[in-house]
Amino acid sequence: LFDVKPGSFIPAPQVHSTVIKLEPRLPSPEVDFNEWDALIRVVFSRRRKTLRAQFRKISTLALLEQNYKVWCTLSGSKPSTTPFPQLVTDVLEEEGFLRDRAFAMDLEDL
C-alpha cells in the first residue's frame, strides 16, 4: 500500500519497510490448517536450508514417520517398505523440491 521510512521507527532500522494488505483466498483452500501450520514451521524454521536438509533432521523425520503411520492406520493403507528417510527424499525429488530453499518458494509450490 505504501512505504514507511526508517525514521518512522525508534531506533531507525537499516532497511525500508512497506505496508501491505493481505486478503484471504476465497474460497479457502481445502487443507487441514494444523497440518499446514506444522509444514510451514518445519520448512521455514531454517528457511535458507534446502528442503532436503530440513527433512533430514531426526526430530522432523520422527514426527513425520509417526504421523505417516497413524495416517496409514486410519486410512487402512499398508505403510511403504521403503526406509522412511528414503521415502521422504523420494517424494521431495519426485515433486522437484529436493534442492529448493523455502525462502525462494511460492505459495503454489507448497
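The values are calculated or read from the model by the stated rules, or taken from the named source; none is laboratory data. Every value quoted in this text rests on a predicted model; they were computed, and no experiment measured them. Note that each Cβ is placed from the backbone with ideal geometry, even for glycine, and that neighbours are counted across all protein chains shown. Accessible surface is based on the protein model in full, side chains and every heavy atom, while ligands, DNA and RNA are left aside. Shrake-Rupley method; radii C 1.70, N 1.55, O 1.52, S 1.80 Å.
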Exercise. Over the range 1-108, what percent of the accessible surface lies on carbon and sulfur atoms, probe 1.4 Å?
Worked result: 57 percent
Seminar exercise, completed: Averaged per residue, the 1.4 Å probe accessible area of the chain, protein heavy atoms only, in Å², is roughly 83 Å²
For this session: Give me the angle, in degrees from 0 to 90, between the Cα long axis of helix 58-75 and the longest principal axis of the Cα atoms of the chain, rounded to the nearest 10.
Result: 60 degrees
Problem set entry | Theoretical gain in end-to-end length, residue 63 to residue 8 [0.36 nm per residue, Cα-Cα removed] | 15.5 nm
Exercise. To the nearest 500 deg cm²/dmol, what mean residue ellipticity at 222 nm is calculated for the chain from DSSP H runs of n ≥ 4 alone, each contributing -39,500 (n - 2.57), summed and divided by the residues?
Worked result: -13000 deg cm²/dmol
Problem set entry | Loop-located trypsin sites (Lys or Arg not before Pro) in the range 31-110 whose Cβ has at most 10 other Cβ within 10 Å (DSSP) | 48
Seminar exercise, completed: The helix 84-95 Cα axis meets the longest alpha-carbon principal axis of the chain at an angle in degrees, between 0 and 90 and rounded to 10, of 60 degrees
Seminar exercise, completed: The relative contact order of the chain, taking Cα pairs under 8 Å that sit 6 or more residues apart, comes to a percentage of 25 percent
Problem set entry | Long-range amide H partners of residue 17 with built H, under 5 Å | 4
Exercise. In whole angstrom, and with the biggest value first, how far do the Cα coordinates of the chain range along each principal axis?
Worked result: 59, 32, 24
Exercise. Relative to the longest principal axis of the chain, what angle (0 to 90°, nearest 10) does the C-alpha long axis of helix 33-44 take?
Worked result: 70 degrees
